[in-house]
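Notes follow the structure.
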Amino acid sequence: MTVRVGVIGGGQLARMMIAPAVELGLELRVLAEAEGMSAELAATAVGDYRDAEAVRAFAADVDVITFDHEHVPQQVLQALVAEGVVVHPGPDALRFAQDKLVMRARLAELDVPQPDWAAVRTADELRVFLDAHDGRGVVKTPRGGYDGKGVRVVRAADDARDWLDAVGEGEALLVEELVPFVRELAQQVARRPSGETVAYPVVETVQRDGVCAEVIAPAPAATDRLVQVAEEIGRSIAEGLGVTGMLAVELFETDDERILVNELAMRPHNSGHWSQDGAVTGQFEQHLRAVADLPLGSTAPRAAWSVMVNILGGPADGTLEERFGGAMAEHPTAKIHTYGKSPRPGRKVGHVNVAGDDLDDAVYVARAAAAHFA
Ligand code: ADP
């Protein structure tokens, strides 16, 4: 019988599951937030993911529920599980990706290396942490942040006054040491409900203004130790938190060779887009295999190097679609992925993947193809 996978969220991550689902013979259904979303090429229902009734009605016609984002409230998911709906990743794992304070506390229990951190509710508590960390810190809202929203570097408790004022009863802010990282990395792991786990090579991610701009796979100049430590961190988090599906672990590498966990995503992730064209099994296929509890595919790279460049914003003159032709004509080795979104400053509207033997060449072509959309 055909397995029916229901994806909550209609963004580009759900969209990029469509082609692999067809190839795997899975039926993909999407619960989108609105009409006209990226994933509407799949069988799409429109509904509010915060509404238990809407989610329950959507779940009634699928065999497994998974996600394009991590914002579905715990009580909605726990109610589904209580009714016997199969959810991957399950709410007990997903909560560590929904709340950065809950994540920090659990990673500490698992002894995973991470920045110094504290939960703070008042300016005095924040001041104590800053005093102990050279007067600097990174304050984060524990829930709902993305692409750098909800992250602020502070040099005095006053810099976070507006956020502290908004802290409600029983809530807190997360403060972390300002990590002097030399670069950012990401480690992806896929895990099946039956426990099989595979790891991708650790990659380097380049952020601009808090948004992922480029990814290089594998991470250049990665020592054997780095590769091994990153993989061990990824596997121990996947197993320790009981993650099913794709897990992305964002990491900092410091100049004294420490690897620290920044945050987690339990779904396909921007740092893994390269694998669509650069690995034997792309992350969207792998996520579907994992949540459908099918055997996982090889994560081996298909080329020495893969480079992913995000297309951010897009042209303001309404010529986004026309430009694809030009980019494709000029760069036949570039794989251009479009999200069906209208351009807006800073918005991710697509990405370019280039795989090859020469890193400089791959970087050049991927950037040149993406530049067609500026
Ligand atoms: P988001 O959830 O919005 O993606 P992140 O927690 O990943 O937020 O932070 C966004 C970016 O801010 C990171 O990619 C990194 O560049 C920077 N950053 C976050 N935490 C720290 C930290 N403790 N020290 C230094 N830089 C940080």
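The values are calculated or read from the model by the stated rules, or taken from the named source; none is laboratory data. Predicted model only: the values in this text are computed from it and were never measured. Please note: Cβ atoms are built from the backbone with ideal geometry, for glycine as well, and neighbour counts cover all protein chains shown. Side chains are part of the model used for accessible areas, which takes the heavy atoms of the whole protein and leaves out ligands, DNA and RNA. Shrake-Rupley method; radii C 1.70, N 1.55, O 1.52, S 1.80 Å.
See the values below:
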read-out	value
Tally, over the stretch 232-252, of residues that are within 14 Å of the ligand (Cβ to nearest atom) and either open to solvent by less than 10 Å² (accessible area, probe 1.4 Å) or within 29 Å of VAL5 (Cβ to Cβ) (or both)	4
Pairs where the first residue, in the stretch 134-149, is more than 13 Å from GLU176 (Cβ to Cβ) and touching a residue at least 12 places away in the same chain (Cβ under 8 Å) and the second is within 9 Å of the ligand (Cβ to nearest atom) and in a loop (DSSP other than H, G, I, E, B), C-beta under 7 Å, 6+ apart	GLY144/GLY150; ASP147/GLY210; GLY148/GLY210
Residue among ASP111, ASP116, ASP48, ASP92 that alone is under 22 Å from the mean Cα position of the chain (by Cα), modelled with pLDDT of 95 or more, under 25 Å from GLU176 (Cα atoms) and of a type in the set (Asp, Glu)	ASP92
Selection status of VAL87, more than 14 Å from VAL167 (Cβ to Cβ), surrounded by fewer than 17 Cβ atoms within 10 Å (Cβ to Cβ) and of a type outside the set (Gly, Ala, Ser)	no
Residue match in the stretch 181-193 (condition: away from the ligand (no atom under 14 Å from the Cβ) and open to solvent by 70 Å² or more (accessible area, probe 1.4 Å))	no
Residue count, the stretch 293-311 (criterion: open to solvent by 20 Å² or more (accessible area, probe 1.4 Å) and farther than 21 Å from VAL227 by Cα)	3
Any hit, the stretch 57-75, residues being closer than 30 Å to ALA39 by Cβ, touching a strand residue (DSSP E or B) at 6+ places or on another chain (Cβ under 6 Å) and in a helix (DSSP H, G or I)	yes
Residue check for PHE96: aromatic (Phe, Trp, Tyr), more than 22 Å from TYR49 (Cα to Cα) and touching a residue at least 12 places away in the same chain (Cβ under 8 Å)	no
In the stretch 256-288, the residues that are of a type outside the set (A, V, I, L, M), touching a Pro at 6+ places or on another chain (Cβ under 7 Å) and within 16 Å of the ligand (Cβ to nearest atom)	ARG258
Checking ASP111 against (1) in contact (Cβ under 8 Å) with a residue 24 or more places away in the chain; (2) outside any helix (DSSP H, G or I), the condition it does not meet	(1)
Every residue from the stretch 16-51 that is within 13 Å of THR66 (Cα to Cα), open to solvent by 40 Å² or more (accessible area, probe 1.4 Å) and not in a strand (DSSP E or B)	TYR49
Condition met for PRO201 (open to solvent by less than 40 Å² (accessible area, probe 1.4 Å), in contact (Cβ under 8 Å) with a residue 24 or more places away in the chain and away from the ligand (no atom under 16 Å from the Cβ))	yes
ASP147 being open to solvent by 50 Å² or more (accessible area, probe 1.4 Å) and away from the ligand (no atom under 14 Å from the Cβ)	no
Residues that are among the charged types (D, E, K, R) and in a helix (DSSP H, G or I), drawn from the stretch 326-371	GLU330, ASP360, ASP361, ARG367
Qualifying residues in the stretch 117-141 (those that are near the ligand (Cβ under 10 Å from one of its atoms) and in contact with a helix residue (DSSP H, G or I) (Cβ under 8 Å, 6 or more places away or on another chain)) - the one farthest from HIS71 (Cα to Cα)	ARG136
Cβ pairs under 6 Å, 6+ apart, first in the stretch 239-263 and outside any strand (DSSP E or B), second away from the ligand (no atom under 13 Å from the Cβ) and of a type in the set (Phe, Trp, Tyr)	LEU241/PHE96
The one condition in (1) out of contact with any helix residue (DSSP H, G or I) (no Cβ under 9 Å at 6 or more places or on another chain); (2) more than 28 Å from ALA34 (Cα to Cα); (3) more than 16 Å from the ligand (Cβ to nearest atom) that LEU320 fails to fulfil	(2)
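Listed here are the residues, each with its yes/no results for (1) within 15 Å of the ligand (Cβ to nearest atom); (2) under 18 Å from the mean Cα position of the chain (by Cα).
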| site | (1), (2) |
| --- | --- |
| THR254 | yes, no |
| ALA290 | no, yes |
| ILE311 | no, yes |
| ALA316 | no, no |
